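The values are calculated or read from the model by the stated rules, or taken from the named source; none is laboratory data. Just so it is clear, the model here is predicted, and its values are computed rather than measured. As a convention, Cβ positions derive from the backbone with ideal geometry for all residues, glycine included, and neighbour counts pool all protein chains shown.
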Amino acid sequence: MKQEQEMPRIPYDIYESPQEIVILLPLWGVKKETLKLSIKDYRLVITWERIKPKVKDNLISLKEECYRWNIEQVIDLPPQVYFDKIHSKLTPDNTLQIIVPKALVPEKISLEVEYDK
C-alpha cells in the first residue's frame, strides 16, 4: 500500500516589535504569480508552487523532491492585529517578507461619565 506523503513544511522566522510582527519565509524556486496569502480563523495561510526548471529530454529522474508538491504553510496569528493591513513582498533573493501591523491595546483607558440632568 502506498503511503500518502505529508506536505513539506518550510522553516520561517518571526520577529516582533511593539508595532508589528514580521515573518520571513525563504522560498527558493518560487515565482511571485504562484503565491497566495489569505486569512482563515486567525491564521495566515500561504500557498505557492515551485516551478520545475526545464531539463534535458534525455535525463532520467533518480530522485525528485524539490518540485513535487504545491506547498501550503499555515502560521497562527494573534487576534490583536490589523488583518486588513497585512502586506507582503518577495525580495530579489526569494524571501517572502510579511508585515503584520499590531492593533495597539492601551494598558489603561480613562472614560468620562456624563451626568444626565
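Before moving on, here are some points about what is shown:
- Qualifying residue in region 42-49 (condition: farther than 19 Å from Ile14 by Cα and not charged (D, E, K, R)): yes
- Of everything in region 87-114 that is more than 18 Å from Val45 (Cβ to Cβ) and of a type in the set (A, V, I, L, M, F, W, C), the residue that is farthest from the chain's Cα centre (by Cα) is Val113.
- The set of residues in region 15-29 being out of contact with any Leu (no Cβ under 8 Å at 6 or more places or on another chain), surrounded by 13 or more Cβ atoms within 10 Å (Cβ to Cβ) and assigned to a loop (DSSP other than H, G, I, E, B) consists of Gly29 alone.
- Each residue in region 45-59 was checked for being surrounded by 10 or more Cβ atoms within 10 Å (Cβ to Cβ), among the basic types (Lys, Arg) and over 16 Å from Thr95 (Cβ atoms), and 1 of them qualify.
- Residue, surrounded by the most Cβ atoms within 10 Å (Cβ to Cβ), within region 30-44, restricted to residues that are outside any helix (DSSP H, G or I) and in contact with a Phe, Trp or Tyr (Cβ under 6 Å, 6 or more places away or on another chain): Val30
- Lone qualifier among Ile21, Ile39, Ile99, Ile86 - being in contact with a Ser or Thr (Cβ under 9 Å, 6 or more places away or on another chain) and touching a residue at least 12 places away in the same chain (Cβ under 8 Å): Ile99
- Members of region 87-117 that are surrounded by fewer than 11 Cβ atoms within 10 Å (Cβ to Cβ) and not in a loop (DSSP other than H, G, I, E, B): His87, Lys89
- Of all residues in region 60-79, those satisfying the criterion of being loosely packed, with under 10 Cβ neighbours inside 10 Å and at pLDDT below 90 are Ile60, Ser61, Leu62, Lys63, Glu64, Glu65, Pro79.
- If you go through region 42-52 and pick out every residue that is of a type outside the set (A, V, I, L, M, F, W, C) and free of Cβ contacts under 8 Å to residues at least 24 places away in the same chain, you end up with 3.
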